[in-house]
Amino acid sequence: MFGAATEVTPKFVSPSDPAARWTGAHGGQAFFAYSTNYLVDIENAIIVDVEATTAIRQAEVLAAKRMIERSLERFDLYPSRLLGDSGYGSAEMLAWLVYEHGIEPHVTVFDKSACTDGIFSRDDFTYDHAGDIYRCPGGKILTTTGTLVNDDATMLYLASNRDCDRCALKPRCCPKQASRRVPRSIYEGARDMARQIARSWEGGTSRRFRKKIEMLFAHLKRILKLDRLRLRGPNGARDEFIL
Ligand code: SF4
């Protein structure tokens, strides 16, 4: 299967190459494109695998999974860590790396939980792994019944109405609700691990290493002139990217 599913209908479809995607993701004038994805052995500067995909962000995750599994099958290469930007930082992808493959996620976590309106964000609540509870900025406890919501991937932790009623911080916490609720993904453990790595010395080194990957893309465009493909269709894109 090629590419990845998306509900977004492209503005234009190319009559001569319908699988190419109309995209303006690079910030300039939009055009029909494919994306190339690399799996790179950073320490030895070797491109281990290449995967052509539709030019949409969701396809990167599928490509990364395919390349990691293929390198394992073909070359018996088992990475101890994966470096990547927030495109690979969804809860589901991080859980796949950590729980299914034991790979350390040196990946920027994709997180939309931060509030910009002055209301406490989830980061202001402290999770206690041992007790499986959150502690709020007011020092009270939020508990969960364990019921899964949102595609069976999220648990809600609730403060008690009595605590919130009397709390001086309520206007900054849950001004429109009786009490505060904090959602937690069932994959949050993997996200916490990625956040912890990002704050560590190793995480800082990985971020510097990631710049080497960008050099490859620059090399492709400027020296190999691959900013324009000569062959059409997904197979044409794949052949050119592999070459
Ligand atoms: S409003 Fe409730 S959850 Fe928020 S800080 Fe006060 S007691 Fe804690």
Next on the checklist: Need pairs with beta-carbon distance below 9 Å; first residue near the ligand (Cβ under 8 Å from one of its atoms) and within the range 125-150, second assigned to a loop (DSSP other than H, G, I, E, B) and open to solvent by 90 Å² or more (accessible area, probe 1.4 Å); sequence gap 6+ or separate chains.
Outcome noted: G138/A168
Checklist entry - How many of the residues in the range 167-215 are more than 16 Å from the ligand (Cβ to nearest atom) and of a type outside the set (A, V, I, L, M, F, W, C)? => result 21
Item to check | Among the residues listed as I197, I213, the single one being assigned to a helix (DSSP H, G or I), open to solvent by less than 60 Å² (accessible area, probe 1.4 Å) and in contact with a His (Cβ under 7 Å, 6 or more places away or on another chain) | outcome: I197
Next on the checklist: Which residue is least open to solvent (accessible area, probe 1.4 Å), if the candidates are limited to the range 54-81 and must be closer than 23 Å to V8 by Cα and in contact with a helix residue (DSSP H, G or I) (Cβ under 8 Å, 6 or more places away or on another chain)?
Outcome noted: A64
Next on the checklist: Restricting to the range 151-161, and then to whatever is among the hydrophobic types (A, V, I, L, M, F, W, C) and within 16 Å of the ligand (Cβ to nearest atom), can you tell me which residue is least open to solvent (accessible area, probe 1.4 Å)?
Outcome noted: A159
Next on the checklist: When the residues of the range 27-53 are narrowed to those that are polar (S, T, N, Q) and surrounded by 17 or more Cβ atoms within 10 Å (Cβ to Cβ), which ends up nearest to N235 (Cα to Cα)?
Outcome noted: T53
Next on the checklist: Condition (residue is at pLDDT below 90, polar (S, T, N, Q) and crowded, with 17+ Cβ neighbours inside 10 Å) applied to the range 172-180: is it met by at least one residue?
Outcome noted: no
Next on the checklist: Could you go through the range 211-222 and let me know if any residue there is in the same structural domain as S80 (by TED's automatic domain parsing) and under 30 Å from L148 (Cβ atoms).
Outcome noted: no
Next on the checklist: For the list (1) over 30 Å from P79 (Cα atoms); (2) charged (D, E, K, R); (3) part of a strand (DSSP E or B), I need the number of the one condition that K11 fails.
Outcome noted: (3)
Checklist entry - Among (1) buried (at least 16 other Cβ atoms within 10 Å of the Cβ); (2) at pLDDT below 90, where does A218 come up short? => result (1)
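The values are calculated or read from the model by the stated rules, or taken from the named source; none is laboratory data. None of these values were measured; they are calculated from a predicted model. For neighbour counting, all protein chains shown are included, and Cβ atoms are generated from backbone atoms with ideal geometry for every residue, glycine included. Surface accessibility is based on the protein's heavy atoms, side chains included, excluding ligands, DNA and RNA. Shrake-Rupley method; radii C 1.70, N 1.55, O 1.52, S 1.80 Å.
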